[in-house]
1. Which count do you get for residues in region 6-47 that are within 16 Å of Thr96 (Cα to Cα) and either assigned to a strand (DSSP E or B) or in contact with a strand residue (DSSP E or B) (Cβ under 8 Å, 6 or more places away or on another chain) (or both)?
2. Go through region 133-222 and tell me which strands (runs of 3 or more DSSP E), entirely inside it, have 1 or more residues that are more than 38 Å from the chain's Cα centre (by Cα) and in contact (Cβ under 8 Å) with a residue 60 or more places away in the chain.
3. Of the conditions (1) of a type in the set (D, E, K, R); (2) modelled with pLDDT under 80; (3) open to solvent by 90 Å² or more (accessible area, probe 1.4 Å), Glu259 satisfies every one except a single condition; which number is it?
4. If you take the residues in region 72-84 that are out of contact with any Ser or Thr (no Cβ under 7 Å at 6 or more places or on another chain) and assigned to a loop (DSSP other than H, G, I, E, B), which one is surrounded by the most Cβ atoms within 10 Å (Cβ to Cβ)?
5. Just to be sure I understand, how many residues within region 90-127 are open to solvent by less than 40 Å² (accessible area, probe 1.4 Å) and closer than 30 Å to Asn145 by Cα?
6. Select, from Glu23, Glu69, the only residue that is without any contact (Cβ under 8 Å) to a residue 24 or more places away in the chain and surrounded by 12 or more Cβ atoms within 10 Å (Cβ to Cβ).
7. For Thr94, state whether it is out of contact with any Ser or Thr (no Cβ under 7 Å at 6 or more places or on another chain), among the polar types (S, T, N, Q) and modelled with pLDDT of 90 or more.
8. Pick out the one residue from Tyr105, Tyr60 that is touching a residue at least 60 places away in the same chain (Cβ under 8 Å) and more than 21 Å from Thr163 (Cα to Cα).
Amino acid sequence: ALVYASGKTSVDAYLEDEDFGIELEAIKMKRKVETYQWVEETQTSTKKNTGGSTTTTKKYTYHKEWREELINSYSFKDETYHQNPNQLLFQEYTYTANQVMLGAYTLSNSIVTTMSWWTQLSDLSPYIDNIPQADNGYTGQLYNNNNRFYYGNNPSSPSIGDTRISFYTVPIGTVSIMAQQSGQSFVPYYTSRGGQVFLIEQGIVSAQELIAHAQAENTVTTWILRIVGFVISFVGFNMCFKPLTTMVDLLPFLGNILEEGVIPCIGFVVTGSISMFIIAIAWLFYRPLLGISLLLVLAGIVYLIIQRSNKQKQDQQDQQQQSQGLMGPTAGPANGTYQYQPQQYQNYQQPQPGIPVVMAQPASTYPQATATATAPPYNKMEGDVFVPSQYVGGQQQQYQYQQQQQQQQQQQQ
């Protein structure tokens, strides 16, 4: 069964660092060794050239840092003037008590491993007489408020190869634990869904606080995984369109627009929608209300995007129709087909033979329409005037032509 317990821990023996003569009562003790070394940083910049090729430039910079791990300077671009030591003066060690007790119960090694509330030893002066001499001939000295041993000439102005050593412990004290009791020990509790419950913290912490802290940590981990998944999807989407940007790199400015502007924006929308959809589907099994809410939000976003796209298409069509109406008649093929936008007129009446045609002013509030008029073939004579844009229909065009022919015959007579 799942149980909760709190109490003071104890150990069966003291922990000892034989090299530095440090002996104390603690659950764990760690010797931390840092060496002053050169660190190389590389800055890479890529420039696109006309034709699709690229030019890559690397800039190497060097600075000094305290590092726990040994940095291999032989791999540096400029190793001649930036050489690190080949080995550490002292190795790092972590000491763990053989037996850790919580009251009458023994804590297993898996439990002790999770106890990571390290505290630095604040005063090393009692052990100054026990510290060894380093292989490079240096003798350790105290510095930084006596909480470190220093091997080197001048702690205020360190040189490459200088070493500083500090000690950290997980002290004995009160802890709170929630796990499954197994005989005289505690083991992780496994739920029916395959989950694992094993909580331990320093100090007196209630069961409710232990669960709340675990839930907060789980929330942070979940969001980290979601962000990582989104980033991976976003990078994958951009890589799918990499061939397209390579093709248009013949014009570098166009390739930059696609690679740095258009494709990332589209990728952000697509991968964001896919991520939200996957999260919503997962929530449907555990929190249906939240999952349905996310799906509704996603559907609303998709609907707004579609509506905006349709509105833009409609605006473009309206602009094209308006521009065609302002251009007037457009002559078509030689078969006598004409396409134009006639204006709609108020108080329009069918013209009668022998009565002059008088056109009314177009109504600005009437919508424009597109019509196609097919004029009958005829042999154009000198002086003939044919204006098809004022009427709709082939009969009206033929009537106007006949009126013009009659006027010409009267003038000849």
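The values are calculated or read from the model by the stated rules, or taken from the named source; none is laboratory data. Note that this is a predicted model, so its numbers are computed, not measured. Cβ atoms come from the backbone with ideal geometry, glycine included; neighbour counts cover every protein chain shown. What goes into the accessible areas is simple: the full protein's heavy atoms, side chains included, and nothing from ligands, DNA or RNA. Shrake-Rupley method; radii C 1.70, N 1.55, O 1.52, S 1.80 Å.
1. Here the count works out to 19.
2. Working: elements: 141-143, 148-151, 163-170, 174-182, 185-187, 199-202.
The qualifying strands (runs of 3 or more DSSP E) are 148-151, 163-170, 174-182, 185-187.
3. (3)
4. So the first thing to find is which residues in region 72-84 are out of contact with any Ser or Thr (no Cβ under 7 Å at 6 or more places or on another chain), and the list is 72-78, 80-81.
When the remaining residues are screened for being assigned to a loop (DSSP other than H, G, I, E, B), the result is 72, 76-78, 80-81.
Working: Asn72: 11, Phe76: 18, Lys77: 11, Asp78: 11, Thr80: 7, Tyr81: 8.
This residue is Phe76.
5. Adding up the residues that qualify gives 5.
6. Exactly one of Glu23, Glu69 is without any contact (Cβ under 8 Å) to a residue 24 or more places away in the chain and surrounded by 12 or more Cβ atoms within 10 Å (Cβ to Cβ), namely Glu23.
7. When the stated conditions are applied, Thr94 passes them.
8. Working: Tyr60 fails: touching a residue at least 60 places away in the same chain (Cβ under 8 Å).
Answer to the selection: Tyr105.
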